[in-house]
1. Please verify whether region 462-481 includes one or more residues that are touching a residue at least 24 places away in the same chain (Cβ under 8 Å), farther than 30 Å from P553 by Cα and not acidic (D, E).
2. Identify, please: which residue in region 155-193 is touching a Lys or Arg at 6+ places or on another chain (Cβ under 8 Å) and among the small types (G, A, S) and is, among those, farthest from A418 (Cα to Cα)?
3. I'd like to check something: does region 163-177 contain any residue that is free of Cβ contacts under 8 Å to residues at least 12 places away in the same chain, surrounded by fewer than 16 Cβ atoms within 10 Å (Cβ to Cβ) and either in contact with an Asp or Glu (Cβ under 7 Å, 6 or more places away or on another chain) or farther than 19 Å from V292 by Cα (or both)?
4. Can you tell me how many residues within region 468-493 are at pLDDT 95 or above and of a type in the set (D, E, K, R)?
5. Working only within region 324-350, note down all residues that are open to solvent by less than 10 Å² (accessible area, probe 1.4 Å), part of a helix (DSSP H, G or I) and over 15 Å from L607 (Cα atoms).
6. For residues in region 398-419 being outside any loop (DSSP other than H, G, I, E, B) and open to solvent by less than 20 Å² (accessible area, probe 1.4 Å), which is modelled with the lowest pLDDT?
7. Within the bounds of region 32-41, is there any residue that is modelled with pLDDT of 95 or more and touching a Gly at 6+ places or on another chain (Cβ under 9 Å)?
8. Answer yes if at least one residue in region 206-224 is within 20 Å of the chain's Cα centre (by Cα), farther than 22 Å from S124 by Cβ and open to solvent by less than 50 Å² (accessible area, probe 1.4 Å), and no otherwise.
Amino acid sequence: MAKLRFHHYAWGVLAYNLLVVLGGAFVRASMSGDGCGNHWPNCNGQMLPDFGSAKTAIEFSHRLSSGLLLPLTIGLLVWAFRAFPKGHLVRAAAVGVFVFTIAEALVGAGLVLYKLVAHDRSVSRAIVMPAHLVLTFLLLMCAALTAWWGSGATRPQWRNQGAMGWALLLGLVSTLALGISGAITALGDTLFPAGSLIEGLRQDFDPGAHFLLGLRIYHPLIALTAGLYLLLVLALTMHLRPSPDVRRFSRYAIAVFLAQMGFGVLNLAFLAPIWMQLIHLLLADLFWISLVLMSASALAEGVPHVELSTLGPVPDPATAGAPGWKDYVALTKPRVISLLLFTTIAAMFIAAGFEDKPAPGFFLCLATGLGLYMSAGAANAINMVLERDLDLAMHRTATRPTVTDKIPPRAALEFALALMVGSFLLLWGAANLLTAMLALAGLAFYVIIYTLLLKRRTWANIVIGGAAGAFPPLVGWAAVTNDLSPMAWCLFGIIFLWTPVHFWALALMIKDEYARAGVPMLPVVRGERATVSQIAGYAILTVAISVLPMALPGGAGQSSAVGWFYLGAAILLNVVLLQRSFSLYQKPDRPHALSLFKYSMLYLALLFLAMAMDRGFSA
């Protein structure tokens, strides 16, 4: 009974901490941090100040509410040591609550004593404020874990977690980084209010603007990047650590994060009024708490590790031998990536010609191509882990290293995580943050949308999920221009509409294998006639979008995005594409499907090559 009461008390302390955090944000947003002057713990030199000023009332009220945290925290600490035995994690978490409460109080005192409040625009404040937020997040983490473990939740097992342990840790660190950028942005919004959205954007991009405004523009990009990674981690954790608590907290985290992103956009549109800033901060805190509890649940003892399960007899290492570099290369599916890589490099030259820029240099092409390969390879390695049962049931994939356990799934995940992080850092360093974010977006889309959500559920899996393969030209374009013009999205659309033609031709040839594996590909669930009809329809759409660049305005004063060389090549390529598609429609057999499948790869490569050459001729 004592432990049950402790559990409720601990959740109450966490809830009260959230109220205090919001109170502190209101003090900052209302410019009331100097309401008590530079006196602490007294207010304007008095224990009980004169409340003639609204600033004084706001600041002193926050001090009182913060001061109440100390006895509540001491009570939590004493109760934890009385109710739980030595070595119990509740004790450690309660100590963390006490330590970070004291640290928070000292930082708050420092802000007041050194006048880093109200209208102060110093570098010192820009450093201390994010540090204050990190301490707040660590305090909330310890409070949440105190309540969670105090309710009887299983203790975590820190060892033998493999890639999932590192992925969850990186997710927590990414959230802290996102919180830091949010704190800097909120400070900039407070100190430099704008009269309109346009005025705010002008402030951000003004070369002579205050450094806080220059930093503010990075928050949306960091939010999108961290969000993509966090959604990927949450989706993978639900699949690889399938416990009720993991699923519950993952769903909470996803819902709260999407709401937080929505409020972030509203803050931008409505110039961040105080009440919206407070809701945005509350959602950020709730997301952090959900992520912490999800991570604790995923690492708990007794939670099944899907990636450790085997599909058959484990090979004897003495006879099977250690995996070599060729096995790890096989994880990346190099034959699949080769065409994606070509469209990436071609898009770089198309972008340079379109924007009247110098042709991309060898180093940029090499780094962008390698970064894209690493990102796509990571997605393919994760796909092999998630689809081992499907691969086992299909003849063409039954010898993949994750199926034969030549490379254990845990090692494959570690390899994928290393590729993903390496790709992001390489693309960011060699090109720009937008390029790195787009490669990560393609990876997340392939794993979450195609592999986890669609492939086993609907025949439209390749129609929607195939968009993952359309990200490479966006990556190449952004590497050269650091933006995405309508022409870049046209390249995306070409691959998006081309993918069903290409993939369903393959699906027709191996429909029996898909049927045996239980994958609802279009030829399996709707039959050959429906498939060839869809192929013909998408071939027509591909032809239409391939000539769309003629109608798009060109960059750098050009009348059209492409010239006559591209148009002539596109007409010839499209005639053959339509001919082979309609031949398959008339006679849906394996030879015609194979002919279309092989030509579709040549079609896409030559189409992008023609466009790159066309832009080169016009430069």
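1. Initial filter on region 462-481 (touching a residue at least 24 places away in the same chain (Cβ under 8 Å)): 462-463, 466-481.
Then keep just the ones that are farther than 30 Å from P553 by Cα; that gives 462.
When the remaining residues are screened for being not acidic (D, E), the result is 462.
Yes: region 462-481 contains one or more residues that are touching a residue at least 24 places away in the same chain (Cβ under 8 Å), farther than 30 Å from P553 by Cα and not acidic (D, E).
2. Applying the first criterion (touching a Lys or Arg at 6+ places or on another chain (Cβ under 8 Å)) to region 155-193 yields 162-164, 184-191.
So of that shortlist, the ones also among the small types (G, A, S) come out as 162-163, 186, 188.
On the way: G162: 12, A163: 9, A186: 33, G188: 35 Å.
Taking the candidates together, the pick is G188.
3. No - not one qualifying residue is present in region 163-177.
4. Selection size over region 468-493: 0.
5. L331, I337
6. Here is the first cut: in region 398-419, the ones outside any loop (DSSP other than H, G, I, E, B) are 409-419.
Still in the list and also open to solvent by less than 20 Å² (accessible area, probe 1.4 Å): 409, 412-413, 416.
On the way: P409: 90, A412: 93, L413: 94, A416: 96.
Of everything passing the filter in region 398-419, P409 is modelled with the lowest pLDDT.
7. From region 32-41, those modelled with pLDDT of 95 or more are none; that's our starting set.
Within region 32-41, none of the residues are modelled with pLDDT of 95 or more and touching a Gly at 6+ places or on another chain (Cβ under 9 Å).
8. Checked against the condition, which is being within 20 Å of the chain's Cα centre (by Cα), farther than 22 Å from S124 by Cβ and open to solvent by less than 50 Å² (accessible area, probe 1.4 Å), region 206-224 yields at least one hit.
The values are calculated or read from the model by the stated rules, or taken from the named source; none is laboratory data. Values in this document were obtained by computation on a predicted structure and should not be read as measured data. FYI the Cβ positions are ideal-geometry reconstructions off the backbone, even for glycines, and counts take in every protein chain you see. Quick note on the areas: whole protein, heavy atoms, side chains included, nothing else; ligands and nucleic acids left out. Shrake-Rupley method; radii C 1.70, N 1.55, O 1.52, S 1.80 Å.
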